Amino acid sequence: MNDFAGSGIACRRGERLVFANLDFHIAAGRLLTLVGPNGSGKSSLLRLMAALAEPEAGVITWSATPIADDPDAHRARLHYVGHLDAVKPILTVAENLRFHAALRGTAPDDGRLAAALDAFGLAPLADLPGRFLSQGQRRRTALARLLVSPAPLWLLDEPTLGLDADAQTRLAEILKRHLAAGGLAAVATHSPLGLGESTALELGRPR
Amino acid sequence: MTAFTAVIARDLRLAWRAPADSATVIAFFVLAVVLFPFGVGPEPQILARIAVGIIWVTALLACLLSLERLFQLEAEDGSLELIVLSPAPLELLVFGKCVAHWLTTGLPLIAVSPLLALLLNLHVDGYAALLLALALGTPTLSLIGAIGAGLTLGTRRGGALLPLLVLPLYIPVLIFGVAAVEAAVAGLPTRPHLLLLGGLLALGLPLAPIATASALRQATA
Amino acid sequence: MHRFANPARFLRLGAAIMPWSTGVAVLSLAAGLYFALFASPADYQQGESVRIMYVHVPAAWMALFIYTSLAATSAIALVWKHPLADLAAKAMAPVGAAFTALCLVTGSLWGQPMWGTWWVWDARLTSVLVLFFLYLGHIALNNAFDDPTRGARAAAVLAIVGVVNVPIIKFSVDWWNTLHQPASITRLAAPAIDPAMLRPLLLMAIGFTAYFVSILLLRIRTEILARKLRTLRYMQGAEAPAPAVAGERI
């Protein structure tokens, strides 16, 4: 069973200590929501979880093995959706998604692509260049990356930002399915995801 | 390998759909070369003497002009993070970016260089050497330039900083590139110079992507 | 709280070395200058202007020595992530640049009576000029980021790239020089040197090295204290009622 955990983590941005002595644990099929005020380190923690940055102190482990031991393997098992949508204005929605699937080493699969587009209501926009998309549509394209290539660990930074009610419901559905299939997720958010049960990690409180 | 070819294919597609980017670089190359006769006078002998130097120096500057955008746009729209997060080795993906950069700028530069050589009255014997030297030298320019483009990501004055970092490292390519053509014009063997250019490329191929990848990891950390 | 908060051991070590290195620097520079200016013969070809060599040549040695040290320090900083290595690299680059500039200026001053012109594209001088640009790029990159750690890391990569390129640049400039000046006899350092000339040369080199050690220790100490001050200020700010740990960057 997969299991993602961190203990005694400290994070430094520039010369500031954003947080220290932080522990988290995500079991298979579970969702961890990161809550806290602006600047409390939600995004920083997600970047540590993605191994984009290294923690100042502490270890992050996947099934009891430190992720720093094999960062390539860790990258292969995660999806990261950050603040930026990574949608190229010149490429169509489908081309953007195909590129990101290939970047993760997944061979192009039209069936999977169609399903991902459909899940986020993007099917009619598939051949539209990125520059014609609204902010919410770009966000949905970014989130559709989650479905074009499989990964057990999803790290989402404010995924609902700019999404309308319909898209938020779709995202909740997709997250539910991911968790039901034994996936793990860490989501930084200010608004409730509407998933019912989830563990919350509060940042920015003196510990 | 999927990721490597995907990076090249995507960059080529981007360049193909927005040809203005490459065209601007070529326009700069041609225009800057054309300025020289106004600066030094139109005497064919003088122009013929300095033709190679002008073409090479201007090619370096044109290459530099295009490098600023190599990772800048990727960083701005968030693609860079996803490239760094790809399970494929970052060095390989960086190499893919360099290949695409060379195909979209180095290759067009080579293509127009005979025309510019004609305008500058380069000796007939120099053309083949010029094309060969550019073919061997410009990939090195892309590779070294990528290091600078990666290192200056997120700086307060990236555009102004890039030439300061990269141009000193371009000097060997410039020296051997020009020497090859001058040797050809003088009827001397060009082989040693071309071999040295090839040597620089052989050194840059494995080493430059390592340095660039390290710079990109820092930039996204 | 902060990893620069207490590098006390380095400060103690530095304080112990500093008087010695400064003493050696003063003594050997004084002795070196005496021998260079008064107690050594004028060159039979170059006359009195040969005395510029006693500054020029050691300055060139220092320029290369410091760049190599910079690259070694950068490698340590990147591999072991030792914060002192970052500081040392940042502290030594401007010193190296200053020695490089000194070498260029003295070269130019020496060139005027010798060649009748302030600048000649001599292979050695040209290589030093390129080295000067490498130093400038390093310093500029180090200071171009809002986050000093990021600047130090980027500059460290550049220093290592630079040190790989230095021999290539040197070789290519020599190559270029022989192509264009086949009969060049413009050698600043004569191959066979009189012992009376060697003495001031070595004394100056020792003096420069000791001076470098002193100034490096001083600069690192200044930087440590400056960072300590920033950390204190930040902690004071953090104790204010504002959000406890706020802000991504300074």
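Given Cα pairs under 8 Å that are at least 6 residues apart, what percent is the relative contact order of the stretch C:51-181?
Computed over the stretch C:51-181, the figure is 32 percent.
Which angle between 0 and 90 degrees, to the nearest 10, do you get for helix A:135-148 versus the longest principal axis of chain A when only C-alpha atoms count?
On a 0 to 90 degree scale, this one is about 80.
Can you give me the distance in nm between label points at C:Q45 and A:D3, each placed 7 Å from the Cα along the Cα-to-Cβ direction?
In this crude spin-label approximation the distance works out to 7.9 nm.
Just the ratio, please: alpha-carbon radius of gyration of the protein assembly as shown over 2.2 N^0.38 Å, N its number of residues.
For the protein assembly as shown, the normalised Cα radius of gyration comes out at 1.11.
Nothing charged except the Cβ atoms of Lys and Arg (+1) and of Asp and Glu (-1): what's the magnitude of the dipole of chain B about its Cα centre? Round to the nearest 20 debye.
It comes to approximately 100 debye.
Among the lysines in the protein assembly as shown, how many pairs, 8 or more places apart or on different chains, have alpha carbons under 21 Å apart?
The result is 4.
What net charge is computed for the residues neighbouring C:L131, neighbours being all others with C-beta under 15 Å from the C-beta of C:L131, Lys and Arg scored +1, Asp and Glu -1?
For residues surrounding C:L131, the net value is 0.
For chain C, set up a GNM with springs between Cα atoms under 10 Å and report which of C:A93, C:A15, C:A85 has the largest fluctuation.
Highest fluctuation of the listed residues: C:A15.
Mind checking the full-extension length gain between C:R9 and C:N143? Use 0.36 nm per residue of separation minus the Cα-Cα distance, one decimal, nm.
Between C:R9 and C:N143, full extension yields 45.6 nm more.
Sorting C:I169, A:I174 on the 10 Å Cβ count, fewest up front, what's the list?
A:I174, C:I169
Tell me, in nm to one decimal, what length is gained between A:A64 and A:I90 on full extension, where the rule is 0.36 nm per residue of separation less the Cα-Cα distance?
5.1 nm
In the protein assembly as shown, what % of DSSP beta bridges are antiparallel (nearest 5)?
Once the DSSP bridges in the protein assembly as shown are tallied, antiparallel ones form about 50 percent.
Who wins for biggest fluctuation among A:G41, A:G105, A:G182 in a Gaussian network model of chain A, springs between alpha carbons below 10 Å?
A:G105
Compare A:T33, A:T106, A:T169 in a GNM of chain A, Cα atoms joined below 10 Å, and give the one with the largest fluctuation.
A:T106
To the nearest 20 debye, what is the magnitude of the charge dipole of chain C about its Cα centre, counting +1 on the Cβ of each Lys and Arg and -1 on the Cβ of each Asp and Glu?
820
Each label point is 7 Å from the Cα along the Cα-to-Cβ direction; what then is the distance between the points at C:S108 and A:D72, in nm?
Those two pseudo-labels are separated by 5.1 nm.
Counting only C-alpha contacts under 8 Å and six or more residues apart, can you give the relative contact order of chain B as a whole percent?
27
What ranking of A:H190, C:H56 emerges when the number of other C-beta atoms within 10 Å of each C-beta is taken as an exposure proxy, fewest first?
A:H190, C:H56
Can you list which of the DSSP-assigned H helices in chain B have a Cα extent of 18 Å or more along the long axis and an average Kyte-Doolittle score of at least -1.0?
Membrane-span-like by this criterion, though nothing is claimed about a membrane: B:2-17, B:20-40, B:44-77, B:107-119, B:126-151, B:158-185, B:191-220.
Please arrange A:S134, C:S108, B:S214 by counting, for each residue, the other beta carbons lying within 10 Å of its beta carbon, fewest first.
Ordered from fewest to most neighbouring Cβ atoms within 10 Å, A:S134, C:S108, B:S214 come out as A:S134, C:S108, B:S214.
With each pseudo-label sitting 7 Å past Cα toward Cβ, what's the A:A27-C:I17 distance in nm, one decimal?
Placing both labels 7 Å beyond Cα along the Cβ direction yields 5.5 nm.
What number, in percent, do you get for the relative contact order of chain A if the mean sequence gap of Cα pairs under 8 Å and at least 6 apart is divided by its residue count?
30
Tell me, in nm to one decimal, what length is gained between C:D194 and C:T222 on full extension, where the rule is 0.36 nm per residue of separation less the Cα-Cα distance?
Length gained between C:D194 and C:T222: 5.9 nm.
Can you work out the FRET efficiency for the pair B:A135 and B:E76, with r the C-beta to C-beta distance and R0 = 22 Å, to the nearest 0.05?
0.10
FYI, it's all coordinate maths here, none of it is from the lab. Keep in mind the model is a prediction, meaning the values are calculated, not measured. All Cβ positions, glycine included, derive from the backbone under ideal geometry; neighbour counts span all protein chains shown.
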